[in-house]
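For reference, the structure is listed below as structure tokens.
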Amino acid sequence: MEFYGYAREDGTVGVRNHVALISVDALANRTVEGISKLVKNTVPITHPYGRLQFGEDLDLTFRTLIGTGSNPNVAAALIVGLEPSWTSIVAEGVSRSKKPVESVTIIGNGDHKALEKGARIAQRMVSEASEIRREPFHLSNIVVSIKCGASDTTSGMASNPAVGRAVDRIIDEGGTVIFGETSELAGAEHILARRAVNEEVREAFLKTVKDYIDFAVSKGVDILGSQPTAENIAGGLSTIEEKALGNIQKTGTKPIQGVLKPAERPKGRGLWFMDTSASAQEAVTLFAAAGAVVHLFPTGQGNVVGHPIEPVIKITANEITAERMPENIDVDVSDILRGKMSYDEAGELILDALLKTASGKLPSAEILGHNEFALTRFWKSM
Amino acid sequence: MGRRLFLHNGSDNVAVALENLKAGDVVEVKVREKTYKIELREDIPYGHKVAIRDIERGSKIIKYGEVIGVATEDIAVGSHVHIHNIKSLRY
């Protein structure tokens, strides 16, 4: 099973060939946006943070920005920040991926000169990146992320199990898959824990979920007791186990190789769990920062999330969503619920969409310009 | 008429309604290649669960081939299975 991707110097394989313009802090956003208007085929990556963060919270922001710039879908990265110290930390981090990386700072230049310098660098990067050609690669070179959103009854019944079939196939072929959503696993973590590859991973996984539940309790929120929600109950879900089981169908059946910190790269092939929020834009941002190149997104009611550099494929089994939001849906597996399509057949459809997207076909979120990039914050700034 | 009940796993004792079903309806469910007819004792709304065999009080409710809770009363085949007659084992 093959796709046409881009070979990167560090041995990874991308499915897009972006020149990324990355803001180190919010004050660089105007410059990054300005460069992206002057130079075609650049991708601006902006966000509201990056000043006076500290400790683990700052580490996560650096890891996310560095990981995004290092993602195989990025051919070259221009790092733009207010001042040289933090800008160089991000630029040096990205340079470890061996791809072209340069930086521009605004202090000492002013907005206008920083814009001009940045635009000249970006133009050269776009010119050089445009010479890179796609080559055939086996599916084992791919890193896929999975997360569902705006879920409903059809998610647990059909679109999530269908994605689970595709995930099993990707892993059988030697590929890598990352899942997350710590909060949504509560209630079924004992079931997933049985799939941990060893005792150490099992304990790390259970501890991650327990720490999350305890954190919520410390903030006065009883996760287990507040699930399923009144809306879930009206929809037919009776217990937290049942709700969580619907979610984890998309993880397939393969062993869990390890537990990753947010935005941490998998240390090998197979299925990996990352500690993430269940917020679509935050989770996809963390997966992309860990090197995921395509995202499979099952949805019930029609979540529309996209990402600046990681294409997101939308899968639904809800015929009403498929009919009313066709511009947001890439794969319609509602025939499962009509008894006309098996999970395996649906899994093949999803795998086919994955290979096409990995080879250059644009999924709906990319065509519509969905480029949500959301940093996860652990705590408030100084 | 298409399929009206959805069974996730051959070892499940509940199936999910694919449309709003009425008390007295006779619906079919296929378990491991054998088709069974079930007469519904109650209305089962879309997305809700129905017992596909008799479930004794205290025994496990199985969906996706996994335990999703325990019966808090005897549940007869064809009955609505929800928060009034099952509870979580986790909370």
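The values are calculated or read from the model by the stated rules, or taken from the named source; none is laboratory data. All values reported here derive from a predicted model rather than from experimental measurement. Quick reminder, even Gly has a Cβ in these numbers, built from the backbone with ideal geometry, and neighbours come from all protein chains shown.
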>> Pairs needed: first member in the range A:222-240, at the interface with chain B (Cβ under 9 Å from one of its Cβ atoms) and over 21 Å from B:Leu18 (Cβ atoms); second member anywhere, β-branched (Val, Ile, Thr) and part of a helix (DSSP H, G or I); C-beta distance under 7 Å; at least 6 residues apart or different chains.
In response: A:Leu224/A:Ile213; A:Leu224/A:Ile240; A:Gln227/A:Ile240
> Before we move on, is A:Ile171 part of a strand (DSSP E or B), modelled with pLDDT of 95 or more and of a type in the set (Val, Ile, Thr)?
Replying inline: no
>> When you check B:Val50 against the structure, is it of a type in the set (Val, Ile, Thr), on the phi < 0 side of the Ramachandran plot, assigned to a strand (DSSP E or B) and modelled with pLDDT under 95, yes or no?
In response: no
>> I'd like to know if the range A:276-299 contains one or more residues that are within 11 Å of chain B (Cβ to nearest Cβ), on the phi < 0 side of the Ramachandran plot and in contact with a strand residue (DSSP E or B) (Cβ under 6 Å, 6 or more places away or on another chain).
In response: no
> Among the residues of the range A:252-262, is any crowded, with 22+ Cβ neighbours inside 10 Å, among the basic types (Lys, Arg) and on the phi < 0 side of the Ramachandran plot?
Replying inline: no
>> If I go through the range A:122-156 residue by residue, how many of them are surrounded by fewer than 22 Cβ atoms within 10 Å (Cβ to Cβ) and either in a helix (DSSP H, G or I) or of a type outside the set (Asp, Glu) (or both)?
In response: 16
> Which of the following residues is part of a loop (DSSP other than H, G, I, E, B), in contact with a Phe, Trp or Tyr (Cβ under 7 Å, 6 or more places away or on another chain) and not basic (Lys, Arg): A:Leu355, A:Leu375?
Replying inline: A:Leu375
> Name the residues in the range A:265-306 that are surrounded by 24 or more Cβ atoms within 10 Å (Cβ to Cβ), over 23 Å from A:Met325 (Cα atoms) and hydroxyl-bearing (Ser, Thr, Tyr), would you?
Replying inline: A:Thr276, A:Thr285
>> Just to verify a result, which residue in the range B:37-66, among those that are over 13 Å from the mean Cα position of the chain (by Cα) and surrounded by 13 or more Cβ atoms within 10 Å (Cβ to Cβ), is farthest from the other protein chains (Cβ to nearest Cβ)?
In response: B:Ser59
